[in-house]
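A short worksheet on the structure shown next.
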Amino acid sequence: MGDSNFSDFDNMSLQSIDEDAELIPLLTPEDEEEMANEKLPETLPILPLRNTVLFPGVVIPITAGRDTSINLIKDANNGSKVIGVVSQKDEETENPHAKDINTLGTVARILRVLKMPDGNTTVILQGKKRFEVAEILTEKPYMTATVRETAEERPEKDGQEFLAIIESIKDLALRIIRDNPNIPSEASFAIKNIQSNSFLINFVSSNLNLGVKEKQELLEINSLQERALSTLKYMNVELQKLELKNNIQSKVRSDMDQQQREYFLHQQMKTIQEELGGVSHDDEVLEMKARAKKKKWSKKIGKHFDKELTKIQRMNPQVAEYSIQRNYLDLFLDLPWNKYSKDKFDLKRAERILDRDHYGLEDVKRRIIEYLAVLKLRNDMKSPILCLYGPPGVGKTSLGKSIAEALGREYVRMSLGGLRDEAEIRGHRKTYIGAMPGRIVQSLKKAGTSNPVFILDEIDKLASSHQGDPSSAMLEVLDPEQNSEFHDNFLEMGYDLSKVMFIATANNLSNIQPALLDRMEIIKVTGYTIEEKVMIAKRHLLPKQLREHGLTAKDIKIGMPQLEKIVEGYTRESGVRALEKQIAKMVRYAAKNIATEEKYNIKISKEDVETILGPARMERDKYENNDVAGVVTGLAWTSVGGDILFIESILSKGKGTLNITGNLGKVMKESATIAMEYIKSNADRFGIDSEVFEKYNVHIHVPEGATPKDGPSAGITMLTSLVSLFTQKKVKKSLAMTGEITLRGKVLPVGGIKEKILAAKRARIKEIILCKDNEKDILEIKKDYLKGLTFHYVTDMHEVVDIAITGQTVKNAKKL
C-alpha cells in the first residue's frame with residue numbers, strides 16, 4: 001500500500017485535520033447493512049476525479065480546483081449532501097464531458113467542507129455504494145445524470161475460501177505496514193479492528209499504490225470474492241517490490257571501503273534497471289551476439305570478435321577497461337564489414353551529372369568516365385588513388401560529391417590541413433585511456449559502406465611533428481597493393497580499403513612526400529578562361545547566391561557583359577572563389593534595397609557594377625605597350641594560376657656591372673647572368689658594339705618588388721630585354737614569351753603552360769613565343785581557349801630575337 005493521490009484536487013492528509021478524526025469510522029457489518037439498504041436517488045450531481053477512485057465505505061479528503069467542482073460541492077452541501085463520484089479516463093483532461101468519464105462510480109456523502117488557509121475548498125467524502133451512469137442530463141453548471149444501483153455478488157458468510165482470502169489480505173497488509181517506513185505503524189491497529197470484510201477489501205484497494213486504471217478495474221468487479229483475489233495479487237506484487245528494495249538497501253548498509261561501496265551501488269542500480277525493464281550486462285552481451293550474427297565478416301574476423309566478446313564477459317563493469325572494451329566491440333559491430341553499395345554504370349547519366357555540376361574540367365571528367373567504364377567491364381578493379389592538383393577555387397573538392405552521385409556511392413570528406421598526429425590516421429592502441437580509432441576507420445563507420453568516395457582534402461598540408469609523420473601513415477592507406485589489409489591500431493585487425501575510391505586534392509605537389517606522391521595518379525585541374533568563368537557565374541554561382549540570400553532570379557539580373565566585367569576587373573585568380581564573393585556582394589546590394597524598400601535597377605548595368613563594387617582593381621595584369629626599348633612581357637606561373645610580368649632593363653654610365661632587383665630568387669638571377677654572358681659572346685651577331693659592356697652598367701628590374709619571384713621561365717625574356725636595350729630597338733607589341741636558356745643559346749621547355757596561356761588571354765596578348773618542345777602542351781589545351789593567339793615555336797635564342805625585335809616570322813609559327 002502507498003500514499004493516495006487525489007484527483008483534479010491536491011493531495012491532503014486526514015491526519016492534519018485533528019478536529020475531524022471522528023469522521024473516519026471503521027464500518028461494522030451493521031453499518032454496512034444500513035448503507036446497502038439506503039435508497040439510491042434517481043439523479044445525482046456527478047463529480048469527476050482526476051487521479052483517484054473512491055470505494056464504498058472509504059473516507060477521502062479532496063481539494064476542489066475547478067469552478068464546476070466547487071459549485072457542485074457548494075450546492076450539494078446545502079442540500080442532500082449526496083453526490084456521485086466517478087474517475088476520469090484521462091487525468092490530463094481539464095474539462096471532462098460525458099465521454100471522458102467512467103460509467104461506474106460510487107455514491108458519496110459529504111461529511112465536512114473546509115476552507116483551507118491557502119483559500120482552497122477541501123471536502124471530506126465517504127463512499128456509500130456503487131452505481132452506474134444511465135444517462136448524462138446536464139453538463140452546466142456541473143454534470144448531472146440519472147443513475148442505477150450496481151449490485152455486488154457477496155459470498156456466503158461461512159465460505160471458507162473467501163475467509164482465507166480475507167485473512168491473507170490482513171496478513172499482507174500488516175507486513176506491508178511493518179516493512180514500509182512511509183506508512184505509520186498506527187495503521188496496523190486500523191487493519192486489525194476492521195470488522196466488515198467488504199470494507200477491508202475496499203479500504204485496502206483504495207490505499208494500494210496503483211494507477212487510476214487498475215483501481216477502476218477493481219471497483220468494476222461485481223463479485224466481492226474476485227475483487228478480493230485481485231487485491232491480494234496486487235498486494236503480493238507490492239510486497240515483493242518492497243522486500244527487494246529493502247534487500248538492496250540492506251546490502252549497502254554495511255561498512256565497506258570506497259571501491260566496495262561503488263560496486264554495490266552499481267549492483268543496486270543494475271537491479272533497479274532490470275526491474276524497470278533496463279538492459280543488464282548479460283543482456284548487452286546477448287545483444288552483441290545477435291548483431292554479430294547479421295555481419296558479413298570472414299571466419300578470421302568472427303573468431304577475433306568472439307574472443308574479445310568472451311573477454312568482456314569476464315570483466316567487472318566497474319573497471320576502467322570495461323568501457324574501452326565496450327567501445328571496441330561497438331566499433332567492430334558498427335563498421336560496414338564487406339558491405340558495399342551497388343555502383344551505377346550508366347555512363348551517360350554520369351556524364352550529365354559531371355557536366356551539370358562543373359563547367360569545363362574536361363580531362364578530369366574523361367578520367368572519371370574511363371574509371372567507370374573499366375569498372376563496368378571488370379567489376380572487380382581496385383579503385384585508383386586519384387589526386388586532383390591545381391590552384392584554389394577550381395572545384396577540386398566539389399568534384400568529389402559529383403563523382404559520388406554519379407557512382408551511386410556514399411560521400412565522405414576528411415580534411416588533412418594542419419594534421420600533425422599520426423594517430424589521427426592509424427588510431428591509438430586501445431590500452432591507452434581515451435583511445436579512439438583513426439579518422440579513416442571512423443569515416444567508414446559514418447559512411448555505412450566499405451566503398452564510399454573518400455575525399456582526402458588538402459593532402460599537401462600534412463605536417464610532421466613529435467607525434468609522428470601523418471604523411472608516412474598515409475602510405476598504406478593510398479597504396480592499392482597494401483590497403484586491402486589496412487591496420488588501425490585501435491581496431492587491431494586489417495580492414496579492406498581496396499574498394500574505397502580515394503580522391504586527394506592538393507595545391508602544391510612539391511609539399512607532398514615523394515613516396516606518397518608516387519602512389520597517386522595526378523590529374524591536373526587548371527584554371528578557367530574568362531569565358532568559362534562567366535558561364536560558371538551564370539550557371540552556378542549566381543543561382544547559389546540567390547538561394548543563400550533568399551532572393552529569386554526576378555530580384556536581380558546580371559547579364560553576360562556585366563559578369564565579364566566583374567571577372568576581368570575584380571578577380572585575379574585561376575578559380576572562382578573571389579568571383580563568388582563579388583557576386584555575393586551584388587546580391588546583397590539587391591537584398592538590402594528590397595529589405596529597406598528602396599528603388600534599384602533590377603537589371604544591372606556596367607555602371608551599376610562599378611557603383612556596387614567600386615572602381616576596377618585588377619587592371620595591373622593588362623598588357624602594357626612596350627614603348628621603351630628594354631621592356632619585355634613574360635609569362636609566369638603562380639600558386640593561384642598564371643600571370644604576366646614585365647622585365648625592364650636600363651643602361652647607365654659605369655664600369656660594366658650587372659645589377660638585378662625585384663625580389664628575385666636564385667634561379668632567376670642565374671638566368672640574368674647567363675643571358676648577359678651569352679650576349680657578350682655573340683655581340684657581333686646581334687650587331688652590338690662590345691665597348692658598351694665596359695662603359696655602361698646594366699640594371700635589370702622586375703616590378704612588384706614586394707612579391708618574391710623565382711623559377712626557370714624568364715630566361716628568354718631577360719635575354720630579349722637585354723638585346724632590346726643594347727640595340728635600342730623596341731620589342732614587338734602584344735607579344736609575350738616564356739622559356740629558359742642555356743649558355744649555348746638553346747631554348748628549354750618550361751611548365752605551367754595552360755595557366756600562362758590563360759593569363760596571356762586575360763591580358764589581351766596576341767602572340768606567344770614558346771620552346772618547340774612545349775608544342776605538345778598546347779595540343780592538350782582546348783582550341784576554344786586558343787582563339788586569336790599566334791604561337792611561335794623556337795629552339796634557338798636567335799629565333800626569339802628575330803621574332804620579338806626584328807618582327808620576323810619563323811617557319812614554326814601557328815595562328816589559331
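Restricted to region 480-492, and to residues that are of a type in the set (D, E, K, R) and touching a residue at least 60 places away in the same chain (Cβ under 8 Å), which residue is nearest to SER402 (Cα to Cα)? Reasoning before the result, please.
If we filter region 480-492 for residues that are of a type in the set (D, E, K, R), which is where we start, we get 481, 485, 488, 492.
Filter once more, keeping what is touching a residue at least 60 places away in the same chain (Cβ under 8 Å): 488, 492.
Working: ASP488: 29, GLU492: 34 Å.
The residue in question is ASP488.
Keeping to region 756-793, report how many residues are modelled with pLDDT under 80 and aromatic (Phe, Trp, Tyr).
Result for region 756-793: 1.
Check LYS344 against each of (1) part of a helix (DSSP H, G or I); (2) within 30 Å of LYS544 (Cβ to Cβ) and name the one condition it does not meet.
(1) is the only condition that LYS344 fails.
Taking only pairs six or more apart or across chains, which ones have beta-carbon atoms under 6 Å, a first residue in region 210-224 that is not assigned by TED's automatic domain parsing to the domain that holds ILE101, and a second residue that is exposed (fewer than 14 other Cβ atoms within 10 Å of the Cβ)?
Once the first residue is not assigned by TED's automatic domain parsing to the domain that holds ILE101 and sits in region 210-224, its partners that are exposed (fewer than 14 other Cβ atoms within 10 Å of the Cβ) give ASN222/GLU153; SER223/GLU153.
Please determine, by comparing only the residues of region 370-400 that are in contact with a Ser or Thr (Cβ under 9 Å, 6 or more places away or on another chain) and aliphatic (A, V, I, L, M), which one is nearest to TYR411 (Cα to Cα).
LEU399
Just give me the residues in region 293-314 being in a loop (DSSP other than H, G, I, E, B) and surrounded by 15 or more Cβ atoms within 10 Å (Cβ to Cβ), in sequence order.
Matches in region 293-314: LYS295, TRP297.
Name the strands (runs of 3 or more DSSP E) wholly inside region 77-182 in which the number of residues that are surrounded by fewer than 14 Cβ atoms within 10 Å (Cβ to Cβ) and without any contact (Cβ under 8 Å) to a residue 12 or more places away in the chain is 1 or more.
104-115, 121-138
Checking the conditions here, which among LYS782, LYS761, LYS754 is surrounded by 22 or more Cβ atoms within 10 Å (Cβ to Cβ), basic (Lys, Arg), in contact (Cβ under 8 Å) with a residue 40 or more places away in the chain and outside the structural domain of GLU564 (by TED's automatic domain parsing)?
Just one listed residue meets the conditions, LYS754.
Read through the list (1) at pLDDT 85 or above; (2) part of a helix (DSSP H, G or I), then give the number of the only condition that SER323 fails.
(1)
Please determine whether any residue of region 64-74 is outside the structural domain of SER198 (by TED's automatic domain parsing) and in a strand (DSSP E or B). First the steps, then the outcome.
Just the residues of region 64-74 that are outside the structural domain of SER198 (by TED's automatic domain parsing), to begin with: 64-74.
Retained after the next criterion (residues that are in a strand (DSSP E or B)): 64.
Within region 64-74, one or more residues are outside the structural domain of SER198 (by TED's automatic domain parsing) and in a strand (DSSP E or B).
If LYS344 meets every condition in (1) in contact with a Gly (Cβ under 8 Å, 6 or more places away or on another chain); (2) crowded, with 19+ Cβ neighbours inside 10 Å apart from one, which number is that one?
Of (1) in contact with a Gly (Cβ under 8 Å, 6 or more places away or on another chain); (2) crowded, with 19+ Cβ neighbours inside 10 Å, only one is false for LYS344: (2).
Could you grab me the full set of residues in region 183-235 that are among the β-branched types (Val, Ile, Thr) and outside any helix (DSSP H, G or I)?
Passing the criteria: ILE183, ILE194, ILE221.
Could you count how many residues in region 373-388 are touching a helix residue (DSSP H, G or I) at 6+ places or on another chain (Cβ under 6 Å) and surrounded by 19 or more Cβ atoms within 10 Å (Cβ to Cβ)?
So the count comes out to 1.
Pick out, from region 354-473, the helices (runs of 4 or more DSSP H) lying fully within it that include 1 or more residues that are free of Cβ contacts under 8 Å to residues at least 40 places away in the same chain.
362-378, 439-447
I'd like the residue in region 523-567 that is surrounded by 21 or more Cβ atoms within 10 Å (Cβ to Cβ) and without any contact (Cβ under 8 Å) to a residue 40 or more places away in the chain and, out of all such residues, is farthest from LYS606 (Cα to Cα).
Step by step, filter region 523-567, then rank; the result is VAL534.
Please go through region 769-779 and give me each residue that is touching a strand residue (DSSP E or B) at 6+ places or on another chain (Cβ under 7 Å) and either free of Cβ contacts under 8 Å to residues at least 40 places away in the same chain or crowded, with 20+ Cβ neighbours inside 10 Å (or both), ordered by number.
As a first pass, look at region 769-779 and keep what is touching a strand residue (DSSP E or B) at 6+ places or on another chain (Cβ under 7 Å): 769-772, 775, 778.
Result: ILE769, LEU770, CYS771, GLU775, ILE778.
Residues to consider are LEU407, LEU361, LEU399, LEU329; find the one that is surrounded by 19 or more Cβ atoms within 10 Å (Cβ to Cβ), over 26 Å from the mean Cα position of the chain (by Cα) and not hydroxyl-bearing (Ser, Thr, Tyr).
On the way: LEU407 fails: over 26 Å from the mean Cα position of the chain (by Cα); LEU399 fails: over 26 Å from the mean Cα position of the chain (by Cα); LEU329 fails: over 26 Å from the mean Cα position of the chain (by Cα).
That would be LEU361, the only listed residue that is surrounded by 19 or more Cβ atoms within 10 Å (Cβ to Cβ), over 26 Å from the mean Cα position of the chain (by Cα) and not hydroxyl-bearing (Ser, Thr, Tyr).
May I ask you to list the residues in region 587-614 that are free of Cβ contacts under 8 Å to residues at least 40 places away in the same chain and out of contact with any Phe, Trp or Tyr (no Cβ under 8 Å at 6 or more places or on another chain)?
Those that are free of Cβ contacts under 8 Å to residues at least 40 places away in the same chain and out of contact with any Phe, Trp or Tyr (no Cβ under 8 Å at 6 or more places or on another chain): ARG588, LYS592, ALA595, THR596, GLU597, GLU598, LYS599, ASN601, GLU607, GLU610, THR611, GLY614.
Output the number of the condition that LYS554 fails; it satisfies all remaining conditions of (1) touching a helix residue (DSSP H, G or I) at 6+ places or on another chain (Cβ under 8 Å); (2) at pLDDT below 90.
The number of the failed condition is (1).
Any residue at all in region 123-139 that's over 20 Å from LEU54 (Cβ atoms), outside the structural domain of TYR234 (by TED's automatic domain parsing), within 59 Å of the chain's Cα centre (by Cα) and among the polar types (S, T, N, Q)?
Yes, that holds for at least one residue.
Are any of the residues in region 689-696 at pLDDT below 90, in contact with a helix residue (DSSP H, G or I) (Cβ under 6 Å, 6 or more places away or on another chain) and exposed (fewer than 12 other Cβ atoms within 10 Å of the Cβ)?
Within region 689-696, one or more residues are at pLDDT below 90, in contact with a helix residue (DSSP H, G or I) (Cβ under 6 Å, 6 or more places away or on another chain) and exposed (fewer than 12 other Cβ atoms within 10 Å of the Cβ).
Tell me which of these ARG66 doesn't satisfy, since it passes every other one: (1) under 56 Å from the mean Cα position of the chain (by Cα); (2) modelled with pLDDT under 85; (3) under 22 Å from ILE201 (Cα atoms).
So ARG66 meets the others, but not (3).
Quick check, is ILE688 in contact (Cβ under 8 Å) with a residue 40 or more places away in the chain and either closer than 27 Å to ARG764 by Cα or not acidic (Asp, Glu) (or both)?
no
The values are calculated or read from the model by the stated rules, or taken from the named source; none is laboratory data. As the structure is a computational prediction, the values presented were derived from the model and not from experiment. Please note: Cβ atoms are built from the backbone with ideal geometry, for glycine as well, and neighbour counts cover all protein chains shown.
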